[in-house]
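Okay, so here's the structure we're looking at.
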2 protein chains.
Amino acid sequence: MKKRIVSFENVSISASASVVGKHEALGPMGDSFDYRDMSDAFGAKTWEKAESAMQKKAFEVLLDKADLIEEDIDAMFAGDLQNQCVGSSYGLMDFNVPYFGLYGACSTAAESLMLSAMCVSGGHYRRCAAVTSSHYLAAERQYRSPIEYGAQRSPTAQWTVTGAAAFAVERGEGKARITEAMPGMVVEKGINDASNMGAAMAPAAADTLLAYFKESRLSPSDFDAIVTGDLGFEGGRVLCELLAAEGLDIHEQYNDCGVLIYDRIRQDKHAGGSGCGCSAVVLSAYYLKLFACQKIKNMLFLGTGAMMSPSSIQQGLAIPAVAHLIRLQA
Amino acid sequence: MKKRIVSFENVSISASASVVGKHEALGPMGDSFDYRDMSDAFGAKTWEKAESAMQKKAFEVLLDKADLIEEDIDAMFAGDLQNQCVGSSYGLMDFNVPYFGLYGACSTAAESLMLSAMCVSGGHYRRCAAVTSSHYLAAERQYRSPIEYGAQRSPTAQWTVTGAAAFAVERGEGKARITEAMPGMVVEKGINDASNMGAAMAPAAADTLLAYFKESRLSPSDFDAIVTGDLGFEGGRVLCELLAAEGLDIHEQYNDCGVLIYDRIRQDKHAGGSGCGCSAVVLSAYYLKLFACQKIKNMLFLGTGAMMSPSSIQQGLAIPAVAHLIRLQA
């Protein structure tokens, strides 16, 4: 078997920033985010422009928190869920920073961190930024229908997080070191229900985790946390079952950003949060803080992405997914 | 000023493959492409699926030409123009190769080559594949309207190339060495006419070229060819004018893949070819062959991408663009 784990020495996430909308602000980690807009509009006149404004804000807050200027960022890796990733291209065009556009669906935060780490580790750049976002109202009308239509949501449906996060990745001992990365393969196991993306993505997460534990010869108990981006309640359960069938028990370490971001009782978001912004803001506002106060020291973070489009669903295709893994250590 | 040129030692494009549709097969380089499908369908039942089939074919032909198997490719960088980049995710999901999804609009070929070179040069991977595509009929109905509607095309409109190309990037002296890369910044100069993407992208190409010549202290006469991806007749002229205004004359070395791929008299494609596949198939089938027969030894290749979406145009936004540069040497 070819080696899939890429190891890094002395690369870390040195700073991060999170920006969210109303529902996230009212959730259990509401106070932890750096910036909240209770109108979800971020000063813009359309939801699509609001997403761009949110990315811009996340990058500005990152620079501010890290006491950096544009000039200090050698390159940015960015992406979102909008068609042609316009959330990112419009959101970041005001900054004079070389731009790499990514599309990994909801796995984009992990993908951007992984590529940032590769470029810094390889000596090509001193410091990169990874910026991702999603916006509930922009996503609803693009993928499903405008919320004004009042369409009923399926119990397995997830709620796209309105949020953006930006991370600075550079050499040194930052908030958390990125010590390993394992990019995922595209996996499709026949799920064609676009209202059950957790189930479509779980096999990809299982594929990456099984390959990781096999190659690393580590076990789940070596980690304080094993966290997926947005499998939600449904997908998380499927993941644990798929792994259990292969003899791997992760339930003690396992959690999911889509499960954590909303209060299931008080805020009914069905199967949990999702979107490029979901894993990004939870990593920034919650897990990196757990690293900072030394509550966790060793974590696997899996970005999970469902790589379909409304057209591919209409044409009857099943949903391919990808899960990109990074290992964070204190 | 921060250093923007990234240099590589001993990294090269070792093999490539190109797959095209009918109009490209009937163009001036028709015989040079590795595979042609005169139906544009590539055995699929929809144009979107045809694009995926084309990417799959390009990757298969690459493996075949280079005498490689999937296992020999450590990672692939892929992208296309379809919403959520489903051309790539569906096209490449059958291969057990770690997958990085990119979105750089028509600049994706250069972006994928540049990131492949960084990962190989940094020692993270032995060999990467860069795969990109576009399909005229999938693009028309997504960006504009189905061709069955018979909408009249503007004189400055370009014709999306039906084509996919795959490149293998690894250490050693391959067909052409990738010696430098300069990722572009997102540039928007007020063009909001989606039928004139050449003019929208030309300022981004000018921005990258001016920065490159300033930082490298080289001049256009140091190169045998300076080639943009798909500025077409309109954008190419704008680029040369923008550079001339800054005292840089590239007209002797300059060409554009979108200008080269169709015969302007015999095939009326208005302002020329465009799309992720345009620069990719012309680089594979034309420029890499010029390297092979030693007709050129030193080339700047600029992927040019217009980073708008139909929604952003409908909302009255101008078109941001990006131009990623790689330097190829014999």
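The values are calculated or read from the model by the stated rules, or taken from the named source; none is laboratory data. The structure presented is a predicted model; accordingly, all values stated were derived computationally and were not measured. When we count neighbours, we look across all protein chains shown, and the Cβ atoms used for this are built from the backbone with ideal geometry, even at glycine.
Pairs only if they're at least six apart or on different chains, beta carbon under 8 angstrom, first in segment A:163-180 and within 17 Å of residue A:75 (Cβ to Cβ), second among the charged types (D, E, K, R); list them, first residue then second.
Cβ pairs passing all conditions: A:168/A:127; A:169/A:127; A:170/A:126; A:170/A:127; A:171/A:126; A:178/A:327.
One residue is enough: does segment B:113-131 have a residue meeting the conditions more than 21 Å from residue B:259 (Cβ to Cβ), surrounded by 19 or more Cβ atoms within 10 Å (Cβ to Cβ) and in contact with a Pro (Cβ under 7 Å, 6 or more places away or on another chain)?
yes
Could you check segment A:51-95 and list, in sequence order, the residues that are among the hydrophobic types (A, V, I, L, M, F, W, C), within 11 Å of chain B (Cβ to nearest Cβ) and part of a helix (DSSP H, G or I)?
A:85, A:86, A:92
Can residue A:89 be described as hydroxyl-bearing (Ser, Thr, Tyr), free of Cβ contacts under 8 Å to residues at least 60 places away in the same chain, surrounded by 24 or more Cβ atoms within 10 Å (Cβ to Cβ) and touching a strand residue (DSSP E or B) at 6+ places or on another chain (Cβ under 8 Å)?
So residue A:89 passes the test.
Looking only at residues that are assigned to a loop (DSSP other than H, G, I, E, B) and among the hydrophobic types (A, V, I, L, M, F, W, C) in segment A:32-47, which one is nearest to the other protein chains (Cβ to nearest Cβ)?
Looking at the filtered set, the residue picked out is A:44.
Kindly indicate which of A:265, A:261 is under 30 Å from residue A:152 (Cβ atoms), hydrophobic (A, V, I, L, M, F, W, C) and surrounded by fewer than 18 Cβ atoms within 10 Å (Cβ to Cβ).
Exactly one of A:265, A:261 is under 30 Å from residue A:152 (Cβ atoms), hydrophobic (A, V, I, L, M, F, W, C) and surrounded by fewer than 18 Cβ atoms within 10 Å (Cβ to Cβ), namely A:265.
Any residue at all in segment A:145-168 that's closer than 15 Å to residue A:7 by Cα and either touching a helix residue (DSSP H, G or I) at 6+ places or on another chain (Cβ under 9 Å) or not small (Gly, Ala, Ser) (or both)?
no
Taking the criterion of being within 14 Å of another protein chain (Cβ to nearest Cβ), polar (S, T, N, Q) and either over 30 Å from residue B:61 (Cβ atoms) or in contact with a Lys or Arg (Cβ under 6 Å, 6 or more places away or on another chain) (or both), would at least one residue in segment B:295-305 satisfy it?
no
Could you check how many residues of segment A:179-198 are within 30 Å of residue A:169 (Cβ to Cβ) and within 12 Å of chain B (Cβ to nearest Cβ)?
8
Determine whether segment A:213-225 contains at least one residue that is at pLDDT 95 or above and touching a Gly at 6+ places or on another chain (Cβ under 9 Å).
So far as segment A:213-225 goes, no, none of its residues is at pLDDT 95 or above and touching a Gly at 6+ places or on another chain (Cβ under 9 Å).
Considering only residues of segment B:238-250 that are surrounded by 17 or more Cβ atoms within 10 Å (Cβ to Cβ) and not β-branched (Val, Ile, Thr), which is farthest from residue B:298 (Cα to Cα)?
B:242
Determine which single condition residue B:164 fails, assuming it passes every other condition in (1) in a loop (DSSP other than H, G, I, E, B); (2) not assigned by TED's automatic domain parsing to the domain that holds residue B:263.
Against the list (1) in a loop (DSSP other than H, G, I, E, B); (2) not assigned by TED's automatic domain parsing to the domain that holds residue B:263, residue B:164 comes up short only on (1).
Name the single residue that is surrounded by the most Cβ atoms within 10 Å (Cβ to Cβ) among those in segment A:307-320 being more than 9 Å from chain B (Cβ to nearest Cβ) and touching a residue at least 24 places away in the same chain (Cβ under 8 Å).
Once the filter is applied, the top-ranked residue is A:319.
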